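Taking it in order: structure first as structure tokens, then the write-up.
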Amino acid sequence: MQKKILLVGDFGVGKSSLVERFVYSRFSEEYKSTIGVVISKKELNLEGLVLKFLIWDVAGEREISEVPASYYLGCSGLLFVFDLTRPETWVGMSQRLETIRQMSKSDNIIVVGNKSDLCEPSQIEQVLDKIGVRVDAVTSARSDDNVDRAFHELGRRIVND
């Protein structure tokens, strides 16, 4: 079963780094801005079911409505990624998530707070308290914390949909 998923969020939140870590098990300190979309593939084994992800890593946009509508066509789920260290990436998140739901016509959205390696646990808790939106995973592409968990959770939601 092949499913298209999108990674969306502001520039510099670590979307591409999460994909690199998940698909290729590597991390680079070098920042490369995504232009348009980069597509990767990865197979997951979910309790005996093979799920093939077609992962669309979308260029960072502050305004979600700036992501071309055509990118959402055929999308089975999304990871909305924000940077735990940059409040501007999570301020107004509930409205942004609603826009994503409308554009994608999907409720399979995993909210990911990335760059946990740059925060103390108490800082992470403070951010999560301020957001007002359920965060499904707190990740670090650098240290590989919860990266697989986030993608697998999205896979489970898609399969159970």
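Computed from the coordinates by the stated procedures, all read-outs in this text should not be read as laboratory data. Computed from a predicted model, the values in this text were never measured in an experiment. Cβ: placed from backbone, ideal geometry, glycine included. Neighbour counts: every protein chain shown.
What are the pairs with Cβ atoms under 7 angstrom where one residue, in region 71-85, is among the polar types (S, T, N, Q) and the other, located anywhere, is part of a strand (DSSP E or B)? Sequence gap at least six, or different chains.
Ser76/Lys3; Ser76/Lys4; Ser76/Ile5
Rundown of residues vs (1) within 26 Å of Cys75 (Cβ to Cβ); (2) among the hydrophobic types (A, V, I, L, M, F, W, C), yes/no style:
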residue	(1), (2)
Gln123	no, no
Val127	no, yes
Arg134	yes, no
Val138	yes, yes
Ser143	no, no
Asn146	yes, no
Glu153	yes, no
Ile158	yes, yes
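Could you tell me whether any residue of region 34-45 is hydroxyl-bearing (Ser, Thr, Tyr) and surrounded by fewer than 14 Cβ atoms within 10 Å (Cβ to Cβ)?
Within region 34-45, the subset hydroxyl-bearing (Ser, Thr, Tyr) is 34, 40.
Restricting the remaining residues to those that are surrounded by fewer than 14 Cβ atoms within 10 Å (Cβ to Cβ) gives none.
There is no residue in region 34-45 that is hydroxyl-bearing (Ser, Thr, Tyr) and surrounded by fewer than 14 Cβ atoms within 10 Å (Cβ to Cβ).
Here is a list: Leu128, Leu154. Which entry is surrounded by 13 or more Cβ atoms within 10 Å (Cβ to Cβ), under 23 Å from Lys4 (Cβ atoms) and not hydroxyl-bearing (Ser, Thr, Tyr)? Please lay out each step first, then the result.
Values: Leu128 fails: under 23 Å from Lys4 (Cβ atoms).
Answer to the selection: Leu154.
Working only within region 128-161, note down all residues that are assigned to a loop (DSSP other than H, G, I, E, B), free of Cβ contacts under 8 Å to residues at least 60 places away in the same chain and not polar (S, T, N, Q). Give the derivation first.
From region 128-161, those assigned to a loop (DSSP other than H, G, I, E, B) are 132-136, 139, 141-144, 146, 161; that's our starting set.
Adding the requirement that they be free of Cβ contacts under 8 Å to residues at least 60 places away in the same chain leaves 132-136, 143, 146.
Correct list: Gly132, Val133, Arg134, Val135, Asp136.
Being out of contact with any Pro (no Cβ under 8 Å at 6 or more places or on another chain), under 18 Å from Lys115 (Cα atoms), not in a strand (DSSP E or B) and not small (Gly, Ala, Ser): is that true of Glu30 here?
Working: out of contact with any Pro (no Cβ under 8 Å at 6 or more places or on another chain): yes; under 18 Å from Lys115 (Cα atoms): yes; not in a strand (DSSP E or B): yes; not small (Gly, Ala, Ser): yes.
Criteria met by Glu30.
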